[in-house]
Structure formats: C-alpha cells, structure tokens
1. How long is the gain from Ala113 to Asp25 if the chain were fully straight, where each residue apart is worth 0.36 nm and the alpha carbon distance is subtracted?
2. Under unit Cβ charges (Lys, Arg +1; Asp, Glu -1), what dipole magnitude, rounded to 20 debye, does segment 1-124 have relative to its Cα centre?
3. Roughly how many whole Å is it from the C-alpha centroid of segment 348-416 to that of segment 234-299?
4. Taking only C-alpha pairs under 8 Å that are 6+ residues apart, what is the relative contact order of the chain in percent?
5. So how far, in whole Å, is the C-alpha centre of segment 68-91 from the one of segment 104-175?
6. Can you sort Asp11, Asp224, Asp57 from fewest to most other Cβ atoms within 10 Å of each residue's own Cβ?
7. Is any helix in the chain, taking whole DSSP H runs, at least 15 angstrom long along its axis by alpha carbon and on average at least 0.5 on the Kyte-Doolittle scale, and which ones?
8. Rank these for me by crowding, Asp284, Asp416, going from fewest to most other beta carbons within 10 Å.
Amino acid sequence: MLCIKNGTVIDGISDVPYKADILIDKGKIIHIGENMGNAADEVIDATDKWVLPGLVDSHCHLREPGFEYKEDIGSGTRSAAAGGFTSVACMANTNPVVDNAAMVNYIKSIARAKGVVKVYPVAAVTKGLEGQELTEMGELKEAGAVALSDDGRPIMNSQLMRLALQYAKGMGMLIISHCEDLSLVGDGVMNDGYMSTVLGLKGITRAAEEVMVARDIILAEVLDAPIHIAHVSTRGSVELIRQAKRRGVKVTCETAPHYFCATDEWVDGYNTNAKVNPPLRTSDDVEAVKQGLKDGTIDIIATDHAPHHRDDKEVEYSLAANGISGFETAFSLAYTHLVETGILSIQELVQKMSKRPAEILNIDAGTIQVGKPADVIVVDLHRTYTVDVSKFYSKGKNSPFNGCTLKGKVIHTIVDGKVVMKNEKVII
C-alpha cells in the first residue's frame with residue numbers, strides 16, 4: 001500500500017486544488033482524504049509539492065520495431081516516465097508499419113515486457129502508409145489500436161480520406177490527421193519567410209498545412225465524423241479550427257511545446273535540432289497557438305516525441321531528419337511558457353495534458369479518483385533547472401531546448417500504483 005501525503009492535489013475533476021493524502025492499493029486509488037500515512041507500507045511526502053494525474057501523450061514515436069538505434073519501447077517509456085507521462089500513444093510509422101493486427105499485438109507485447117508506462121498503439125490508416133489502400137480498421141480496433149494515423153505522411157487522396165473517415169466513424173475509431181500538402185511543400189526544409197531567405201534555405205509555405213486542415217474539416221463536416229488534427233502550428237490553422245468548432249464540426253486538435261516555445265529564428269546557425277515537421281513558425285504563429293490554447297480551440301498538448309540518433313541530425317540542414325526528443329521537457333516547457341505567463345492556469349494545463357487527451361483517446365486515465373488506476377505524478381512547481389540532454393533517458397538527445405532554464409519539475413511518477421520514478425530517477 002502506498003500513500004502520497006501532504007500534497008496539493010489537482011484531480012482533473014474539481015475546479016480548485018485541495019490538500020489531501022492519496023492512498024493506493026493494488027494499482028487503484030482507494031481513498032483520498034487526510035492523515036492516511038499510517039495505513040501505508042510506503043509513503044511519498046509531497047509537502048510543498050503538487051499531485052497531478054499522470055500525463056497522457058496522444059502523439060509520440062517509440063521507433064520500435066525497425067529503428068531501435070533511435071529509440072526502443074524500453075528507453076522511450078523510461079523517458080516518458082521521467083517527463084511525467086504515464087500513458088502514451090505511439091504512432092504507426094515503424095518498420096514494419098503498424099498496419100495489421102499482428103503488429104498491434106507485437107507493440108502491446110513488447111510494451112508489457114519492457115515498458116515502464118502504459119503504451120497504446122496507434123495503427124495506420126493506409127497499408128504501408130502509402131496512401132493507396134485502407135487498412136482493416138475493425139481488426140486493428142479489436143487488436144487494441146486506440147486510433148488511426150498515417151502520421152509522418154499525409155493522406156493526399158481526398159476520396160481515400162473521405163472513405164477513411166466514413167469507415168472509421170462507423171467503427172468508433174478516431175483518425176489523427178497529419179495535415180500537409182506535399183505538392184506545396186516541395187523540397188522546402190523550414191518555414192517560408194524572412195529566416196529562410198536569410199539562411200538561403202528553401203521554405204515551406206504555411207498554406208501546405210492550412211489547405212489540408214481546411215480539407216479535413218470540410219470532409220468531417222460533410223460526414224458528421226470526428227477528426228483530430230495533429231501538431232497545429234500556424235495562425236491560419238488555429239482560425240480554421242476555431243471557426244469549425246463554432247459550426248459544430250467534430251474536430252479536436254493538438255499542438256506541441258515547440259510550437260508555443262520556439263520560432264523559426266531558432267534555425268539560425270542551421271540548427272538541425274530545430275528542424276521539425278511541420279516547421280517552427282513565426283512569433284505571430286506562436287502567439288496564435290497560445291491564444292488557441294487559452295480559448296479552447298486547441299484541445300490538448302502532445303509531445304510529438306521524435307527521437308533521432310546523432311547521425312540523423314549532425315548533417316547538412318537540408319538532409320537532417322525532422323523531430324525533437326520531447327518527453328522530458330514537455331511539462332516544464334508548458335508550465336514555464338503557459339502557466340507562469342498567465343496563458344493557462346495549472347488546472348487548465350492538467351486538462352490539456354492529462355484529462356482531455358485521455359478523453360480523446362477514450363482510455364481510462366487522466367484523473368485522480370477513487371477506484372481509478374493509480375497513475376499519479378508529484379511535481380515541484382517552484383523547481384528551476386537547466387535542460388541537459390546528456391541526462392535524457394531517451395536515446396534521442398535531439399532537443400533545441402538544451403541549456404534552457406525552465407520551471408516546474410516532475411519528481412515522482414507512479415503507474416498503476418507502482419513507483420517508476422522516485423526523486424527524479426527512473427528506478428525500473
């Protein structure tokens with residue numbers, strides 16, 4: 001039996017924080033109240049700290065199978081635990097692609113054997129991510145896929161996307177859309193604008209994202225089907241989604257910390273750690289993303305954790321892989337740039353990073369309630385630290401935030417009642 005005592009609790013349900021002890025037994029929360037430390041075999045003292053639901057990431061890349069030199073499920077879930085994530089949904093762009101029931105079961109079996117946190121497979125919309133033929137969605141759902149996505153590649157064929165949304169709706173599956181018009185991207189490698197001109201790099205117009213966001217909204221509206229837009233990065237995309245929500249379209253969306261913390265100016269010096277897809281945008285886009293988070297247009301914050309080996313990044317900018325290793329900085333970036341600046345309250349941040357992602361993925365997570373799984377984190381909101389990628393649990397050290405000073409640190413991570421990180425050290 002475990003007791004987390006003397007902490008300030010944000011449970012994802014109540015409107016205000018409160019002081020309480022949390023008693024955990026057999027993987028479940030069995031009581032929330034006062035002075036329960038004497039009933040426990042193990043006690044975590046959370047005095048002057050905050051107790052939150054475990055973070056839920058709707059969008060990450062664990063790389064296994066096929067790219068274990070970048071990351072594997074063991075290292076990736078240790079990294080997730082270090083960042084306070086207790087549930088993560090991993091994308092299908094592995095090798096082989098997660099486009100059949102056998103692959104979904106493979107991911108689940110490896111996660112059971114090596115995973116430190118809960119892993120939920122996201123299966124492909126099209127076979128081989130080739131955008132030509134739909135996968136067997138019913139079999140994928142039955143095997144345990146929580147959503148469908150060709151993330152990393154857009155579904156360029158609008159008729160195929162229409163059919164995908166139609167079939168997915170009938171099976172109660174959510175499609176997570178990677179919105180990118182490849183014909184507009186061309187051979188661009190960063191945001192099209194002043195910085196791309198200064199650096200002499202080929203630009204990617206914001207229209208490449210916004211055209212596909214508009215298309216997917218229109219298709220979802222026509223079919224009255226749900227759609228989730230991944231990694232929103234531009235002012236235009238935020239406004240398209242805002243207007244769609246006002247019309248009652250069943251659209252949800254996410255952004256990632258780098259889209260509200262960094263701009264295309266971070267590419268200066270040809271910094272390949274700042275190369276992501278979609279690319280970092282302008283300060284105006286950053287402000288629009290923050291406003292979208294504030295007014296509820298942007299539902300959740302996902303990491304888009306995309307670890308890479310140094311060989312994939314230490315090359316010419318145009319040849320470098322896209323992606324940031326994001327698990328271990330996500331909460332601190334969000335707290336520093338959103339809560340400390342008054343964009344969101346800490347309760348709203350918990351909604352964006354725990355409760356709402358769990359609701360969107362339809363998984364049992366994201367709140368602290370009696371009878372629910374004991375997925376809990378203890379954070380020190382006063383703790384200031386400097387990011388050091390050499391200390392990442394992830395194999396991927398590719399982060400533009402190396403050396404940045406952030407506030408708010410996850411201290412303990414508990415998954416199904418089991419302490420997997422204690423005093424900032426992953427112990428499994």
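Every number here is computed from the coordinates shown, using simple stated rules; none is lab data. Bear in mind the structure is a predicted one, so any value in this text is a computation, not a measurement. Cβ placement follows ideal geometry from the backbone for every residue including glycine, while neighbour counts extend to all protein chains displayed.
1. Numbers: separation 88, 0.36 × 88 = 31.68 nm, distance 2.23 nm.
Full-extension gain reported as 29.5 nm.
2. Working: 12 positive and 15 negative charges, 67 e Å.
Computed about the Cα centre, the dipole is about 320 debye.
3. 20
4. Numbers: 1072 pairs, mean separation 85.4, N = 428.
This gives 20 percent for the chain.
5. Centre-to-centre distance over Cα atoms comes out at 19 Å.
6. Working: Asp11 23, Asp224 11, Asp57 30.
Ranked by crowding around the Cβ, least crowded first: Asp224, Asp11, Asp57.
7. Working: long enough: 101-114 (20 Å, 0.31); 158-170 (18 Å, -0.08); 207-223 (24 Å, 1.16); 235-246 (17 Å, -0.94); 283-295 (18 Å, -0.96).
The qualifying helices are 207-223.
8. Working: Asp284 11, Asp416 16.
Going from least to most buried by this count: Asp284, Asp416.
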